[in-house]
Amino acid sequence: AGGVSRTRWLATPGRPPLGGSSVVLEAAARLLGPTILVFSIYLLIAGHGHPGGGFVGGLVAGMAFVLRYLPGGRRELATALPVRPSVLLGGGLGLAVATGAAGWTSGGEFLRGEILHASAPLVGDIDVPTSLFFDAGVYLLVLGLVLTILTTLGASLEEEEDSGDPDGAGALEEARGVGEDAGGRA
């Protein structure tokens, strides 16, 4: 351990939130994270006619960022995704509601599905169901929620470790009232 240097696989220096660093975990986070994100987008797109969709795709994308968080903490997570989780939450909710309201503008019901026809230069003619936009909103909403939970709960874990109380025993003793006499005084 003394004097041996190693190459960092992640973008930010610092300690991991839950103990010592691991080269294997850093390499896995860096190499598997993008692959997991691509798979989550596949689940989002394929969810119209096959298993998947916005909810499952958002959870899988969230797990890619959890994998990135484990070896690098909040700083690495902020580097991996420079958008705040609240922006993803708001954008996803707005997109899902706007997609639902678009059914009203065409004289139908809320969340009425349509098929949009488009032509792409390299792909040719494609049909895009409006439910894909709703699923994209759900995807962003779920991803934003996972990231919010991760940053909120992860922040308290990192603060406990920085305070010299990595197992949170001090907070537990304080909650139980350890160290107080029968009169409730310390």
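The values are calculated or read from the model by the stated rules, or taken from the named source; none is laboratory data. Being a predicted model, the structure only gives us computed values, none of them experimental. FYI the Cβ positions are ideal-geometry reconstructions off the backbone, even for glycines, and counts take in every protein chain you see.
The single condition among (1) part of a helix (DSSP H, G or I); (2) over 24 Å from Leu145 (Cβ atoms); (3) modelled with pLDDT under 85; (4) not β-branched (Val, Ile, Thr) that Pro13 does not meet is (1).
The single condition from (1) within 22 Å of the chain's Cα centre (by Cα); (2) assigned to a loop (DSSP other than H, G, I, E, B) that Ile149 fails is (2). So, in the stretch 91-119, exactly how many residues are surrounded by fewer than 12 Cβ atoms within 10 Å (Cβ to Cβ), touching a residue at least 12 places away in the same chain (Cβ under 8 Å) and not β-branched (Val, Ile, Thr)? Number satisfying all stated conditions: 1. Only one entry of Ala46, Ala64 meets the criterion of being of a type outside the set (Val, Ile, Thr), surrounded by 21 or more Cβ atoms within 10 Å (Cβ to Cβ) and touching a Gly at 6+ places or on another chain (Cβ under 7 Å), and that entry is Ala64.
Table: residues versus (1) part of a helix (DSSP H, G or I); (2) under 28 Å from Gly33 (Cα atoms); (3) not hydroxyl-bearing (Ser, Thr, Tyr).
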residue: Thr79; (1), (2), (3): yes, yes, no
residue: Leu89; (1), (2), (3): yes, yes, yes
residue: Ala102; (1), (2), (3): yes, no, yes
residue: Phe110; (1), (2), (3): no, no, yes
residue: Gly137; (1), (2), (3): yes, yes, yes
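Only residues that are under 17 Å from Phe55 (Cβ atoms), of a type outside the set (A, V, I, L, M) and under 16 Å from the mean Cα position of the chain (by Cα): list them for the stretch 86-134, please. Residues satisfying the conditions are Gly91, Gly92.
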